[in-house]
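Below is one structure, written out as structure tokens; the observations come after it.
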Protein chains: 2
Amino acid sequence: MLVNKKIISRFSQYREVLLKFQEMGLSKIFSNVLGDAVGVTSAQVRKDFSLHGISGNKRGGYQIEDLLHELRSILGKDKVHHVVVVGIGNLGRALIQYTGFDKEGIQIVAGFDIDPAKVNKRNRIPVYHLDELNKYVCENQIQIGVLAVPDAAAQSVCNIMVDSDIKGILNFAQIRLIAPEDVVINSVFLQMELENVIYFVNAMENKCTRCRSS
Amino acid sequence: MLVNKKIISRFSQYREVLLKFQEMGLSKIFSNVLGDAVGVTSAQVRKDFSLHGISGNKRGGYQIEDLLHELRSILGKDKVHHVVVVGIGNLGRALIQYTGFDKEGIQIVAGFDIDPAKVNKRNRIPVYHLDELNKYVCENQIQIGVLAVPDAAAQSVCNIMVDSDIKGILNFAQIRLIAPEDVVINSVFLQMELENVIYFVNAMENKCTRCRSS
DNA sequence: ACGTTTTTGTGATTTTAATCACATTTAAAA
DNA sequence: TTTTAAATGTGATTAAAATCACAAAAACGT
């Protein structure tokens with residue numbers, strides 16, 4: 001693949017920051033300002049843009065509107081993307097209740113769960129039984145799904161999603177999912193992220209103790 | 001810092017997989033098996049261990065118990081870590097309701113919110129008003145906090161957490177938090193992760209279309 | 001109009017991370 | 001025992017990502 005995950009993450013972040021700057025009434029921005037806001041160097045910003053054929057004005061910086069336009073098309077923001085959430089536990093419910101995605105062109109359109117008690121078709125975002133996933137996904141041309149079921153069920157539910165022709169999965173289960181090459185899987189391991197924080201807090205503490213005693 | 005975020009993430013994953021293998025009754029494991037399970041090469045596994053002074057037996061692989069023992073101490077799993085969640089919205093509530101962290105030595109002990117209506121001290125995990133954070137954190141020697149408030153409030157709540165002497169923050173707000181050097185911040189940008197999936201699904205689609213037409 | 005300053009754009013360089021490949025060791029088989 | 005096959009451990013190599021550094025362009029002040 002020409003681009004990697006990391007650069008796309010930065011693009012998402014650039015976009016986020018640019019929207020805020022635009023909201024504040026600014027119309028142009030310099031690479032160093034954007035870099036600071038996102039936590040990268042100005043050279044990184046310029047290189048990212050340059051590699052994607054986005055150019056600014058020497059001494060004039062970049063037009064925010066132009067950048068947003070380019071980023072919109074790079075990130076596929078020119079159309080609304082419909083997403084389903086599979087697994088309506090604590091996390092799944094939180095995700096379908098969160099309303100912040102909408103304004104970013106991401107629309108969560110339905111939830112699915114294996115537990116009939118969770119089914120509720122009258123919600124703002126309806127929740128269906130998992131058995132209906134296949135039909136729903138076909139009929140509504142859904143490509144993206146969030147997987148938020150317990151680890152033990154994750155792989156089999158993933159298989160169901162893949163069979164239903166979902167092409168991209170954001171996975172919250174703490175396992176490495178196996179799926180065909182053409183299915184994009186991005187995993188968020190929340191426990192691992194917490195462990196990471198804990199590790200580095202410990203590491204810092206040890207370092208400081210040593211500093212003090214030396 | 002000697003080690004970076006990525007290697008620690010791998011260690012977390014190794015540990016996770018090893019626990020599962022151990023549960024299945026296995027007592028030794030080879031680098032290639034562990035690598036496959038986590039999605040890295042066998043050389044990567046061996047190098048990771050080697051760099052941390054963990055060694056196995058030539059031709060005999062690694063003793064799972066030994067590995068887990070080492071990883072436990074590297075990852076600070078030898079004691080239980082108490083964590084507070086600040087911001088009891090959809091996501092914060094999901095996190096304090098999730099019971100899976102406990103068995104991993106991570107214990108969410110309290111929630112905090114600025115909204116008095118969210119306060120409930122009789123829950124399994126009590127929710128206090130944000131004003132009580134400082135006192136609670138001091139009295140209970142909390143070092144780690146999860147930040148799950150709206151973007152607009154994130155920086156100021158972060159400041160409160162830092163003032164309360166929290167040393168590590170897992171941040172779910174879509175902004176780059178500013179904090180002193182000695183405070184560890186790890187951000188999970190859920191929207192960005194979803195956008196990433198969407199981007200690569202689009203990219204694949206375009207690639208395939210091109211393939212078909214050529 | 002002209003020089004000065006500032007910012008971009010990018011080739012060269014450095015740094016970092018991953019992979020290779022093989023000598024070494026050792027468990028198991030013959 | 002002796003041989004054979006299979007893993008580890010690690011220096012060397014490669015690949016990837018980030019940074020540097022500076023020429024080129026253009027806005028601004030005078």
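The values are calculated or read from the model by the stated rules, or taken from the named source; none is laboratory data. A quick note: this is a predicted structure, and the numbers were derived from the prediction, not measured. Cβ sites come from the backbone with ideal geometry, for glycine too, and all protein chains shown count toward neighbours.
When A:45, A:38 are checked against the criterion of being within 12 Å of DNA strand D (Cβ to nearest atom) and in contact with a Leu (Cβ under 7 Å, 6 or more places away or on another chain), a single residue qualifies: A:45.
The residues in region A:141-176 that are in a strand (DSSP E or B) and in contact with an Asp or Glu (Cβ under 8 Å, 6 or more places away or on another chain) can be counted, and the count is 1. Would you mind finding the one in A:173, A:152 that is within 11 Å of chain B (Cβ to nearest Cβ), within 16 Å of the chain's Cα centre (by Cα) and at pLDDT 95 or above? One residue alone meets the criteria, A:173. The set of residues from region A:162-176 being touching a residue at least 24 places away in the same chain (Cβ under 8 Å), of a type outside the set (D, E, K, R) and farther than 17 Å from residue B:200 by Cα comprises A:164, A:172, A:173, A:175. Condition check for residue B:88 on (1) more than 15 Å from DNA strand C (Cβ to nearest atom); (2) touching an Asp or Glu at 6+ places or on another chain (Cβ under 7 Å); (3) not assigned by TED's automatic domain parsing to the domain that holds residue B:160: one failure, at (3).
For beta carbons closer than 6 Å, sequence separation of 6+ or different chains, a first residue in region B:43-72 that is assigned by TED's automatic domain parsing to the domain that holds residue B:24 and a second that is of a type in the set (S, T, N, Q) and outside any loop (DSSP other than H, G, I, E, B), the qualifying pairs are B:45/B:31; B:46/B:31; B:64/B:22. Scanning region B:88-111 for residues that are in contact with a Lys or Arg (Cβ under 9 Å, 6 or more places away or on another chain), outside any helix (DSSP H, G or I) and either buried (at least 21 other Cβ atoms within 10 Å of the Cβ) or of a type in the set (Asp, Glu) (or both) yields B:88, B:111. Applying the condition of being hydrophobic (A, V, I, L, M, F, W, C) and buried (at least 23 other Cβ atoms within 10 Å of the Cβ) to region A:155-171 and asking which residue is nearest to residue A:88 (Cα to Cα) yields A:157. Under the condition of being more than 10 Å from chain A (Cβ to nearest Cβ), farther than 14 Å from residue B:71 by Cβ and not small (Gly, Ala, Ser), the residues counted in region B:7-39 number 7.
Residues checked against (1) over 23 Å from residue B:190 (Cβ atoms); (2) within 16 Å of DNA strand D (Cβ to nearest atom); (3) within 14 Å of chain B (Cβ to nearest Cβ); (4) more than 22 Å from the chain's Cα centre (by Cα):
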| site | (1), (2), (3), (4) |
| --- | --- |
| A:58 | yes, yes, no, yes |
| A:64 | yes, yes, no, yes |
| A:72 | no, no, yes, no |
| A:86 | no, no, yes, no |
| A:92 | no, no, yes, no |
| A:95 | no, no, yes, no |
| A:108 | no, no, yes, no |
| A:116 | yes, no, no, yes |
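For residue A:138, the conditions (1) within 14 Å of chain B (Cβ to nearest Cβ); (2) in a helix (DSSP H, G or I) all hold with the exception of (1). Candidates in region B:191-203 are the residues that are buried (at least 18 other Cβ atoms within 10 Å of the Cβ) and either over 19 Å from the mean Cα position of the chain (by Cα) or touching a residue at least 60 places away in the same chain (Cβ under 8 Å) (or both); of these, the one that is farthest from residue B:111 (Cα to Cα) is B:202.
Each row is one residue, and each column tells you yes or no for (1) away from DNA strand C (no atom under 13 Å from the Cβ); (2) assigned to a strand (DSSP E or B); (3) of a type in the set (Val, Ile, Thr).
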residue	(1), (2), (3)
A:8	yes, no, yes
A:14	no, no, no
A:32	no, no, no
A:46	no, no, no
A:49	no, no, no
A:62	no, yes, no
A:66	no, no, no
